[in-house]
Amino acid sequence: MIKVQVTSTTVRRMQGTAKASGKPYDMSFQDVWMFLSDREGHPDPHPTKVEVNLPKDKDGAALFYAPGEYLLHPSSIYVDSKGRLSVAPRLVRATAPAPKSAS
């Protein structure tokens, strides 16, 4: 699993009309920090800043991520309609390990 850290609730909104289709669009983005590895699997020494497209609620309002620790959900990686591997980040809260009892 890829560890993700959210440090700010600042959201960037982008709206307009698509040139190709003429349809309106409304997207919201939030910066997160991902702890990635290089191609050999060695962890990068510092997190990488990544901008993620935010999901929307049933009314179309962007749902931002609260500050905290998250993991990249496995459903974030999928095969698109052209058979290519694609990524659409979906984050889930990282759960804290259960405290161990003192024996």
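The numbers here are math on the coordinates, done by the rules we state, and not lab data. Fair warning: this is a prediction, and the values are worked out from it, not measured in the lab. Using ideal geometry, Cβ is built from the backbone for each residue, glycine included, and neighbour counts are taken over all protein chains shown.
Of note:
- Rounded to whole Hz, the Karplus (6.51, -1.76, 1.60) HN-Hα couplings of segment 35-49, x for glycine and proline: 9, 9, 10, 7, 5, 8, x, 7, x, 5, x, 9, x, 10, 6
- In a DSSP loop and with at most 12 other Cβ atoms within 10 Å, the trypsin sites (Lys or Arg not before Pro) in segment 1-38 are LYS19.
- Shape metrics for the chain, restricted to C-alpha atoms - Rg then Dmax, Å: 17.0, 67
- Per-peptide average of other Cβ atoms within 10 Å, ordering 37-46, 74-83 highest first: 74-83, 37-46
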